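**Student:** I'd like to ask some things about the structure below.
Every number in this text was worked out from the coordinates using simple rules, so none of it is lab data. None of the values given here were measured: they were computed from a predicted structure. So basically every Cβ, Gly included, is an ideal-geometry build from the backbone, and we count neighbours across all protein chains shown.
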């Protein structure tokens, strides 16, 4: 694995002195500096990149966070914030000369306001824990990244996480109302407010998805929605990928915004079916899963309409889940797609491009051509509703040259996404992984503007150095998410 | 007027202004010139830079040049039974897309569907260095780089001259009906809080001082079921009522006194401020026609954690937008510097300091 674009330009840091100073601010057990204690923090969900931090700190109060960053600011020590570390782009990869600031102890739900449908939570609260806590009130938090049982809301904000239900319910940026951040100078800022908007520039939007580059998130106010009365899922099989893509367009053209709309191609279908026996039609070229939710009346009307549209669009088979168990079975295969592919190949490399959906047939055709050219198989899973494509390249890292071929192939796929008007990352973030592809996405003027924004918050570049925005002279190499022998960094998590 | 791309000319004008160190006053259709602090500087006209550059109904994406009339965009969408779900007010004949985004103006549906900023997918801008920059794109999910596109929403042109904006559009609801209930403001606030916790297809709420108005949108069956649950009387002139409200042509807005826009936590009880009140967004947006001083209004809402904007009339040379705490103001000033180091773009329109 090539080295990430992490500048090592910080002055050499007197580690014992730094640790001593940190121990003045925190209880001894909250400052970790021994190699074996630092090991758990050496990577996030992108485990191909590993780096021990100089020291890890686990503050419990906002005041402690402020004191830590103030100290780091004074001594010009890099600071990398970390939530659960489930991210897939290396956004929480430590800096070799820096402090790894874990927010794991910030795990309290501070208040649930059922009148305003808001919850004020600390950044270390798990995504799913919010929905679970508010379920007794008939409410839930809509964004549901696949790692939702483990990932934390602070990380969700830093990455602007999505999920299966984005098309209808939006991303993290659409589902939060306020933030508290600590700046690199140690100042606590309240962003957003009591109402639906706030005066001045929309810092809430700017901070969301900023990958820990602009501030440390210490509190999040999330919006809650009433649980839908009912949800129903349909499964449709197609003997042609282009027809499946067209069916997606036809559903939307009919004025229906499904809660979830997912596509898998034949290699993905077969891998999933062999793994979890979801009952998918193995011979189909593509399947679509379409979930509609809402009131009873609305769901009934939409199921009826969607069935007809799918059939008219050339589906060879359309099934509607008869009960909750079947609905779960339909989803099971889709949710098991990543580990299923991990079973049939020693390693795979997960891409995360978004494309305008009309180009899907062309993009899949070109990926298939590239697959032959590079001699590497590909399985495609696709958040079809919002155009977010996850091609999984199958390879074997033990075969000489295959890793390099995979990286080259992956790079071509991302370039293809950009060429058809899409993006290099739909939901996993840039982190260290796609730092170089940022140069395919943006010109130097845009990158310079990003650096100016960064400097407005963090003049010395101490927050998460080397991530998210490449320096102007580093624009060549390609990064990757590598999974060895099907071992995901978080094997217990569903990845989809 | 026909579609044309004036990007280069606009860019030259910004560069010339930069060279001469002469501030620019950016204007589209001029329909929102009443809003914000008093504009100053040489006029930079964007209205001629117009035309829808891309519209893919089945992808829910539309891109248009900033000077494109909002009415043209809405007409095009209507033909495909689609809409701008943030229901932007026009406030005049020539309203453009650029002005709407620069002001982040959103209408009655905002509390349920989202604001203008929630639908922006990408933009092309000229920054204060005279550089043409592109951010975001025409796809729903995109986390590459900082979200500059949304940052432009509500920035009042102080960070960049909008050239082109890409938006997510949505299907129009199959059915839309409205009902009105003869209840007091207090009773409405209580009722709205209860509804907010239920999966009802509500897409607009208003109390105009006389009665409560509720709009329901969705499939015919869902809307009927909800209407039965809510009760009240069917409003015959459904579209017209909400359009008049959105455009501030409702009788409430007919006044010579200052109009204040208060953004508050929805359940905030009625505030003890003299004047006429109109409630929207389930109580989260409150219009106040009042001669009360800015200081009194802002100190009255402080406990509720919201902010107050002098929306129309009154003294436009004062703090039209709520002053920010010192820390936030510093960050905003630095951001302004990052985009427009010489302060040539709409200086003073948002805050006196930049």
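**Student:** Report the label-to-label distance for residue B:12 and residue A:343 in nanometres (one decimal), using points 7 Å from each Cα along the Cα→Cβ vector.
**Tutor:** Result: 6.5 nm between the two label points.
**Student:** How high is the relative contact order of chain B, in percent, counting Cα pairs under 8 Å that sit 6 or more residues apart?
**Tutor:** On the way: 757 pairs, mean separation 67.8, N = 354.
Computed over chain B, the figure is 19 percent.
**Student:** Continuing with the same structure: Over the stretch A:196-313, what per residue volume does the convex hull of the Cα atoms give, in whole Å³? Before the final figure, lay out the partial values.
**Tutor:** Details: hull volume 23.4 nm³, N = 118.
Expressed per residue, the convex hull around the Cα atoms of the stretch A:196-313 is 198 Å³.
**Student:** Another one. For chain B, take every pair of Cα atoms, bin their distances at 20 Å starting from 0, and report each bin as a whole percent.
**Tutor:** Per 20 Å bin, starting at 0, the Cα pair percentages come out as 29, 58, 13, 0.
**Student:** Take every Cα pair under 8 Å in the stretch B:126-173 that's 6+ residues apart, average their separations, divide by the length, and report that relative contact order as a whole percent. Mind showing how you got there, number by number?
**Tutor:** Numbers: 26 pairs, mean separation 20.8, N = 48.
Answer for the stretch B:126-173 is 43 percent.
**Student:** As a test, work out the antiparallel percent of DSSP beta bridges whose residues both lie in the protein assembly as shown, rounded to the nearest 5.
**Tutor:** Values: 117 of 130 bridges.
Bridges in the protein assembly as shown that DSSP calls antiparallel: roughly 90 percent.
**Student:** Another question, then. Can you give the direction-averaged projected area of the convex hull of the alpha-carbon atoms in the stretch A:351-474, in nm²? Each step should come with its number before you reach the end.
**Tutor:** Details: hull surface 35.1 nm².
Over all viewing directions, the stretch A:351-474 projects a mean Cα-hull area of 8.8 nm².
**Student:** Semi-axes of the equivalent ellipsoid of chain A: what are they in whole Å, largest first, if each equals the square root of 5 times a C-alpha gyration tensor eigenvalue? Can you show the working numbers first?
**Tutor:** Numbers: eigenvalues 288, 150, 77 Å².
Square roots of five times the eigenvalues give 38, 27, 20 Å.
**Student:** Fully extended, how many nm does the chain gain between residue A:107 and residue A:135 (0.36 nm per residue separation, minus their Cα-Cα distance)? Kindly include the intermediate steps, with their values, before the conclusion.
**Tutor:** Values: separation 28, 0.36 × 28 = 10.08 nm, distance 1.81 nm.
Contour length minus the Cα-Cα distance gives 8.3 nm.
**Student:** At a Förster distance of 60 Å, what's the computed FRET efficiency of residue B:93 paired with residue A:274, Cβ-Cβ distance as r, to 0.05? Working shown, then result.
**Tutor:** Details: r = 63 Å, r/R0 = 1.05.
Approximately 0.45, to the nearest 0.05.
**Student:** Shifting gears a bit: Between residue B:78 and residue B:236, what's the calculated FRET efficiency when r is the beta-carbon distance and R0 is 25 Å? Round to 0.05. Please list the in-between numbers first.
**Tutor:** Numbers: r = 21 Å, r/R0 = 0.86.
Step by step, r from the Cβ atoms, then E = 0.70.
**Student:** Report, to the nearest 10°, how far helix A:266-276 tilts away from the longest principal axis of the Cα atoms in chain A, using its own Cα long axis and a range of 0 to 90°.
**Tutor:** So the inclination is approximately 80 degrees.
**Student:** Turning to a different aspect of this structure: Which angle between 0 and 90 degrees, to the nearest 10, do you get for helix A:402-419 versus the longest principal axis of chain A when only C-alpha atoms count?
**Tutor:** Long axis of A:402-419 versus the principal axis of chain A: about 80 degrees.
**Student:** Same structure again: Once the Cβ-Cβ distance between residue A:325 and residue B:270 is put in as r, and R0 is 45 Å, what FRET efficiency do you end up with, to the nearest 0.05?
**Tutor:** Details: r = 50 Å, r/R0 = 1.11.
Taking R0 as 45 Å, the efficiency between residue A:325 and residue B:270 is 0.35.
**Student:** Using only the alpha-carbon atoms, how far is helix B:220-230 inclined from the longest principal axis of chain B? Give it as 0 to 90 degrees, nearest 10.
**Tutor:** With rounding to tens, the tilt is 60 degrees.
**Student:** Next question. Report the label-to-label distance for residue A:471 and residue B:318 in nanometres (one decimal), using points 7 Å from each Cα along the Cα→Cβ vector.
**Tutor:** The modelled label-to-label distance comes out at 5.1 nm.
**Student:** What percent does the relative contact order of the stretch B:1-108 come to when contacts are Cα pairs within less than 8 Å and at least six residues apart? Let's see the in-between values first.
**Tutor:** On the way: 165 pairs, mean separation 28.6, N = 108.
Answer for the stretch B:1-108 is 26 percent.
**Student:** Using only helices, what value at 222 nm comes out for chain B when you add -39,500 (n - 2.57) per DSSP H run of length 4 or more and divide by the total residues, to the nearest 500 deg cm²/dmol? Walk me through the intermediate numbers first.
**Tutor:** On the way: 11 runs with 97 residues, N = 354.
Value at 222 nm, helices only: -7500 deg cm²/dmol.
**Student:** Kindly provide the Kirkwood hydrodynamic radius of the protein assembly as shown in Å, to one decimal, from all pairs of distinct alpha carbon atoms.
**Tutor:** On the way: mean 1/r = 0.0363 Å⁻¹.
One decimal place: 27.6 Å for the Kirkwood radius.
**Student:** Which log10 I(q)/I(0) values does the stretch B:44-192 give at q = 0.11, 0.16 Å⁻¹ under the Debye formula, counting every alpha carbon as one identical point scatterer?
**Tutor:** Result of the Debye calculation: -0.44, -0.84.
**Student:** Order of B:213, A:141, B:35 from fewest to most other C-beta atoms within 10 Å? Intermediate values should be presented prior to the final figure.
**Tutor:** Numbers: B:213 24, A:141 27, B:35 21.
Neighbour counts put them in this order, fewest first: B:35, B:213, A:141.
**Student:** For residue A:316, project a label point 7 Å along Cα to C-beta. Then give me every residue of the stretch A:214-255 with its amide nitrogen under 11 Å of that point.
**Tutor:** The answer is A:237-241, whose backbone nitrogens lie closer than 11 Å to the label point.
**Student:** Calculated from DSSP H runs of 4 or more alone, at -39500 (n - 2.57) each and per residue, what is the 222 nm mean residue ellipticity of chain A, nearest 500? Each step should come with its number before you reach the end.
**Tutor:** Values: 16 runs with 165 residues, N = 496.
Helix contribution divided over all residues of chain A: -10000 deg cm²/dmol.
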